[in-house]
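Here the structure comes first, spelled out in structure tokens, and everything after it is commentary.
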Amino acid sequence: MNPWPFVIAAYGLTFVATVATSLWAWQRARQAERRAADLLERD
Amino acid sequence: MHVLANPRRFLAIAVPATPWCFWGGIALILAGCWAGLFVAPADYLQGHSFRILYIHVPAAWLGMGGWSGLTIAAIMQLVWRHPLASVAGRAIAVPGAIFTALCLATGSIWGRPTWGTWWEWDGRLTSMLLLLFLYIGYIALARSSVERGDAGGVSRVTAIYALIGALNLPVIHYSVVWWNSLHQAKSISIVRMSSSIDPSMLWPLGLTVLGFTLWFTAIVLLRMRAMLAENRIEARLRRMSRG
Amino acid sequence: MVAVTSNRSGPKRKHQRLVLVLLALAAMIGGVLLAMSALRSQAAYFYTPAEALAAKVEPGRAIRLGGMVEAGSIKRHGDGTTVDFRLTDGEATVPATFTGITPDLFAENSGAVAEGAFGPDGVFRATNILAKHDERYMPREMEGIDYDPQTHQVDSSGQ
């Protein structure tokens, strides 16, 4: 059995999960911190 | 520990630490994957399919390490009422669940060419699947307690649930020892500082495990920062609506 | 928040909570360990040949049998799909037969788990075969080097 399709599938899945989790976490932190800073400025 | 009790002091460390952990982790992951795919020699028995090891082991480590983190956070919440503990618990749960799922998926992909099956109800596989279900339960409990407004954190029931779930961790670890299992026994003994993985195949694993751990730390810090900021926004909006 | 909890969070109360949590945790871990050791045989994924013979597994009952494929025991029939082999755990050895495609890793001196049932003649009729690999990972050129699974030590003096 050719192992490379399995290896590529496993690495591909990990790549997608890592990139998606990264983008999600960065975007959520940036958005929340920016909004919090904006609100504080209005005080 | 109590130096970090104040969210402001926590943020003074977390904000500059985040990009270092994140990019350092990504660099190590890329180096480790490249070495694992192209530098390490093929296994004498499994050939190239063993290369899945370099992502499967870090995923298992993060899935189990994540629940260990939840357990520590739960103890800090129950015993010391540490204000950041429940935020940390919520921040860890989702990436921990993602990597537990990834461990199961990569293991399944590995199992097909090596064992000849995608899935078997063996002790190790079953206890790891239970860990994924435990994570899903934790996330649901934490979400419902936050929605009920438990001071921006998770309820005590959720923390106790994390403690009970920790019982599954030794079961996962010893499943290959206690029961005849399809999954092989562990290859690396930290206590005895020994490994049955040849050094030429071991060092890329060190890179990916360290890399994914750093990266996971960065994700948890980012999620904690987001939750703390969201708490500030909510508190501010509540004051405005009252005011 | 501080005002609400200050009456409940003195050092003594913290100490009590710590002892309580640790006691509860120790009790739960002890309970699970007990339950698991009781489950030991029931939760096993397969029988080893010695266990299967000791348990006198009756013919026709579906079980899994796991062990090492004995050296020199694999005989492939002329039809190309039927294979006879022997599974051993060092104590007992069981003859087995299987018709179908075996996994790539199915080989002599290597672990395998066979699903199936004993025939009346004592030959295990496998309906499915899974290859089990051990915890060793090494490059091809190192194959054959003596290895001690107890100490994880590779003895290269034999080379």
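The values are calculated or read from the model by the stated rules, or taken from the named source; none is laboratory data. Bear in mind that the values here come from a model prediction, so they are computed numbers and not experimental data. No Cβ is skipped: glycine too gets one built from the backbone with ideal geometry, and neighbour counts run over all protein chains shown. Just so you know, the surface numbers come from the protein's heavy atoms only, side chains and all, with ligands and any DNA or RNA stripped out. Shrake-Rupley method; radii C 1.70, N 1.55, O 1.52, S 1.80 Å.
Name the residues in region B:181-208 that are under 29 Å from residue C:45 (Cα atoms), open to solvent by 10 Å² or more (accessible area, probe 1.4 Å), among the small types (Gly, Ala, Ser) and in contact with a helix residue (DSSP H, G or I) (Cβ under 8 Å, 6 or more places away or on another chain), would you?
B:185, B:195
Inspect all residues belonging to region B:88-95 and state whether any of them is at pLDDT below 95, open to solvent by 20 Å² or more (accessible area, probe 1.4 Å) and within 9 Å of another protein chain (Cβ to nearest Cβ).
no
Given the options C:85, C:98, C:118, C:106, name the one that is surrounded by 14 or more Cβ atoms within 10 Å (Cβ to Cβ), farther than 27 Å from residue A:1 by Cα and aromatic (Phe, Trp, Tyr). Write out each step before concluding.
On the way: C:85 fails: farther than 27 Å from residue A:1 by Cα; C:98 fails: farther than 27 Å from residue A:1 by Cα; C:106 fails: farther than 27 Å from residue A:1 by Cα.
Among C:85, C:98, C:118, C:106, only C:118 is surrounded by 14 or more Cβ atoms within 10 Å (Cβ to Cβ), farther than 27 Å from residue A:1 by Cα and aromatic (Phe, Trp, Tyr).
For every residue, the table says whether it meets (1) at the interface with chain B (Cβ under 7 Å from one of its Cβ atoms); (2) assigned to a helix (DSSP H, G or I); (3) open to solvent by 30 Å² or more (accessible area, probe 1.4 Å); (4) of a type in the set (Ser, Thr, Tyr).
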residue: A:1; (1), (2), (3), (4): yes, no, yes, no
residue: A:5; (1), (2), (3), (4): no, yes, yes, no
residue: A:11; (1), (2), (3), (4): yes, yes, no, yes
residue: A:16; (1), (2), (3), (4): no, yes, yes, no
residue: A:24; (1), (2), (3), (4): no, yes, yes, no
residue: A:28; (1), (2), (3), (4): yes, yes, yes, no
residue: A:32; (1), (2), (3), (4): yes, yes, no, no
residue: A:38; (1), (2), (3), (4): no, yes, yes, no
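Residues being open to solvent by less than 50 Å² (accessible area, probe 1.4 Å) and either within 19 Å of residue B:59 (Cβ to Cβ) or in contact with a helix residue (DSSP H, G or I) (Cβ under 9 Å, 6 or more places away or on another chain) (or both): count how many of those fall in region B:232-243.
The number of residues fulfilling the criteria is 2.
For residues that are open to solvent by 50 Å² or more (accessible area, probe 1.4 Å) and more than 9 Å from chain A (Cβ to nearest Cβ), scanning just region B:209-230, find the one that is farthest from residue B:15 (Cα to Cα). First the steps, then the outcome.
Filtering region B:209-230 down to residues open to solvent by 50 Å² or more (accessible area, probe 1.4 Å) leaves B:210, B:214, B:217, B:230.
Going one step further and asking which of them are more than 9 Å from chain A (Cβ to nearest Cβ), we end up with B:210, B:214, B:217.
On the way: B:210: 21, B:214: 15, B:217: 12 Å.
Among them, the one singled out is B:210.
In this structure, is residue C:9 over 30 Å from residue B:80 (Cβ atoms), surrounded by 10 or more Cβ atoms within 10 Å (Cβ to Cβ), modelled with pLDDT under 85 and polar (S, T, N, Q)? Spell out how you get there, then give the answer.
Numbers: over 30 Å from residue B:80 (Cβ atoms): no; surrounded by 10 or more Cβ atoms within 10 Å (Cβ to Cβ): yes; modelled with pLDDT under 85: yes; polar (S, T, N, Q): yes.
No; evaluated as a whole, the condition is false for this residue.
State which residue pairs qualify: first residue within 8 Å of another protein chain (Cβ to nearest Cβ) and farther than 18 Å from residue C:112 by Cα and inside region C:43-64, second residue at pLDDT 85 or above and open to solvent by 40 Å² or more (accessible area, probe 1.4 Å) in any location, beta carbons under 9 Å apart, and separation of 6 or more residues or different chains.
From region C:43-64, the pairs are C:43/B:126.
Can you name every residue in region B:14-61 that is open to solvent by 10 Å² or more (accessible area, probe 1.4 Å) and under 16 Å from residue B:188 (Cα atoms)?
Within region B:14-61, B:56, B:57, B:60, B:61 qualify.
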